[in-house]
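Data block below; observations after.
The values are calculated or read from the model by the stated rules, or taken from the named source; none is laboratory data. Since we're looking at a predicted model, the values are computed, not measured. Cβ sites come from the backbone with ideal geometry, for glycine too, and all protein chains shown count toward neighbours.
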Amino acid sequence: QAFQTINERDDRIQAYLTLDEEAAQHKAAALDKKMASGEARGLLFGLPAGIKDNIVTEGLRTTCASQFLRNYDPIYNATVMEKLQLADSVTLGKLNMDEFAMGGSNENSSFMPVRNPWNLDYVPGGSSGGSAAAVAAGEAYFTLGSDTGGSIRQPASYCGVVGLKPTYGLVSRFGLVAFASSLDQIGPITKNVEDSAYVLQAIAGYDEKDSTSAKVDIPDYISSLTGDIKGLKIAVPSEYIGEGVDAAVKESIMSALKVLEGLGAEWEEVSLPYTEYAVATYYLLASSEASSNLARFDGVRYGVRAENPGNLLELYHQSRSEGFGPEVKRRIMLGTYALSSGYYDAYYLKAQKVRTLIKQDFDNVFAKYDVIVGPTAPTTAFKLGSQVNDPLTMYLNDILTIPVSLAGVPAISVPCGFVSGLPVGMQIIGKAFDEQTVLRVAHAFE
Ligand code: GLN
């Protein structure tokens with residue numbers, strides 16, 4: 001049935017890059033048997049899932065929406081895939097994205113752009129645009145995305161669905177094709193907050209295969225959805241509702257705050273003064289890490305190899321010139337420059353220091369408040385093609401999600417209204433490893 005919906009809708013939405021119908025039918029048959037035998041069922045029993053195409057899946061093509069990996073069939077599973085397997089969910093296929101997760105509109109996919117299910121002339125956001133659009137269009141029950149600077153939350157906001165970026169280290173990154181390793185996190189995109197809690201429950205936890213995986217006890221996320229937020233202290237950063245944020249988006253957030261107030265929470269305006277430096281800091285750090293991570297794509301080990309190179313250097317050069325798209329090349333150049341000797345101190349090191357200041361902004365506010373609330377993005381979805389030639393404008397769409405990524409704390413985007421027929425998302429940001437409170441507030445609001 002899931003495939004029927006996909007077949008009916010996906011030629012317009014273009015959320016999927018690869019479908020895996022045969023394996024899904026097999027899995028469904030195995031689950032039928034399991035049910036008949038009375039064996040214990042997994043947490044996500046029978047739920048059809050779509051997976052962002054930068055999460056490696058054994059034997060199932062994993063392209064990162066790049067020409068470089070258009071023929072790459074991994075020989076192992078990401079840890080999250082093993083966990084979904086244990087939870088008895090059914091993988092439908094792999095979802096379209098911006099190439100190597102670099103982008104905010106899905107127009108950087110080297111195969112085809114994804115379209116926003118609410119209006120096909122608009123972008124779904126990115127880079128997990130396929131993951132958000134698939135849930136919004138009913139083409140998967142839930143999906144996994146990845147978030148480096150906003151790539152789960154921003155598309156969830158544009159597509160009117162729920163997207164959760166967990167605390168850095170809560171979900172294993174083993175088998176997630178690395179973009180910026182100190183920022184990347186995998187998380188769920190779902191129709192509602194309860195489903196988000198279920199999927200997080202299934203995928204969270206320490207993994208010895210990821211050296212940055214956190215050794216923390218995993219609480220019961222599902223039972224934290226009590227509906228009770230009386231006395232909760234909410235901080236609303238003035239930087240998140242000020243200049244640059246669309247007036248209608250701000251209005252939606254203000255009405256949402258009234259709803260939270262009605263539920264017994266209190267809110268006050270605060271300041272995160274280093275917000276204005278977050279985008280510059282992120283693009284230096286993320287690009288630096290990307291330039292190092294993407295060095296592994298040399299035409300020898302993974303994916304496509306250039307034909308007839310004269311020597312080894314030409315092999316590298318030709319494979320990389322042909323394999324990477326323009327945005328990926330831009331980031332590699334920027335990152336290589338920022339890391340090069342003579343510029344390292346002025347750019348990379350400086351950016352690391354500012355990152356600490358941004359994190360301290362959050363620490364200061366969380367000393368007094370339970371959560372921080374604001375819009376997920378300054379505007380609703382924009383028209384396809386309207387920003388592709390303007391990377392700086394495109395980068396600024398992430399101004400409200402990037403600081404959270406730099407601080408490493410968890411945040412969820414939940415739908416909170418519409419402007420001209422397009423969804424608005426509210427971002428609820430929590431203390432490190434306090435997904436329970438984030439989910440509880442989102443659930444009470446929804
Ligand atoms: N849009 C941001 C970027 O292009 C965020 C991407 C992401 O979170 N993967 O880097």
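Observations
- Taking first residues from region 184-206 that are over 16 Å from Gly46 (Cα atoms) and partners that are surrounded by fewer than 20 Cβ atoms within 10 Å (Cβ to Cβ) and basic (Lys, Arg), the Cβ contacts under 9 Å between residues at least 6 apart in sequence or on separate chains come to Tyr206/Lys215.
- In region 328-384, the residue that is surrounded by the fewest Cβ atoms within 10 Å (Cβ to Cβ) out of those that are in contact with an Asp or Glu (Cβ under 7 Å, 6 or more places away or on another chain) and under 19 Å from Thr401 (Cβ atoms) is Thr379.
- Test: residue in region 276-297 that is touching a Lys or Arg at 6+ places or on another chain (Cβ under 8 Å) and more than 16 Å from the ligand (Cβ to nearest atom): yes
- Any hit, region 33-51, residues being polar (S, T, N, Q), in contact (Cβ under 8 Å) with a residue 60 or more places away in the chain and either more than 16 Å from the ligand (Cβ to nearest atom) or surrounded by fewer than 18 Cβ atoms within 10 Å (Cβ to Cβ) (or both): no
- Helices (runs of 4 or more DSSP H) wholly inside region 366-446 containing at least 3 residues that are within 25 Å of Trp118 (Cα to Cα): 391-396, 435-445
- The numbered conditions (1) out of contact with any strand residue (DSSP E or B) (no Cβ under 9 Å at 6 or more places or on another chain); (2) of a type outside the set (A, V, I, L, M); (3) assigned to a helix (DSSP H, G or I); (4) in contact (Cβ under 8 Å) with a residue 12 or more places away in the chain are all true for Ser223 except (4).
- Residue tally, condition out of contact with any helix residue (DSSP H, G or I) (no Cβ under 6 Å at 6 or more places or on another chain), in a helix (DSSP H, G or I) and either more than 17 Å from Ile332 (Cβ to Cβ) or at pLDDT below 95 (or both), over region 280-314: 3
- Test: residue in region 195-202 that is touching an Asp or Glu at 6+ places or on another chain (Cβ under 6 Å) and away from the ligand (no atom under 16 Å from the Cβ): no
Residues checked against (1) within 16 Å of the ligand (Cβ to nearest atom); (2) over 20 Å from the mean Cα position of the chain (by Cα):
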{"position": "Tyr343", "(1), (2)": "no, yes"}
{"position": "Gln352", "(1), (2)": "no, yes"}
{"position": "Ala377", "(1), (2)": "yes, no"}
{"position": "Ala381", "(1), (2)": "yes, no"}
{"position": "Asp390", "(1), (2)": "yes, yes"}
{"position": "Tyr395", "(1), (2)": "yes, no"}
{"position": "Ser405", "(1), (2)": "yes, no"}
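- On the stretch given as region 208-218, residues that are over 20 Å from the mean Cα position of the chain (by Cα) and farther than 19 Å from Thr190 by Cβ total 6.
- Residue in region 131-153 that is within 12 Å of the ligand (Cβ to nearest atom), surrounded by 24 or more Cβ atoms within 10 Å (Cβ to Cβ), closer than 28 Å to Gln1 by Cβ and β-branched (Val, Ile, Thr) present: yes
- Evaluation of Pro113 against the conditions (1) within 16 Å of the ligand (Cβ to nearest atom); (2) crowded, with 24+ Cβ neighbours inside 10 Å; (3) not aromatic (Phe, Trp, Tyr) shows that the sole unmet condition is (2).
- Among the candidates Val80, Val123, residue that is in contact with a Ser or Thr (Cβ under 7 Å, 6 or more places away or on another chain), over 21 Å from Gly160 (Cα atoms) and surrounded by 24 or more Cβ atoms within 10 Å (Cβ to Cβ): Val80
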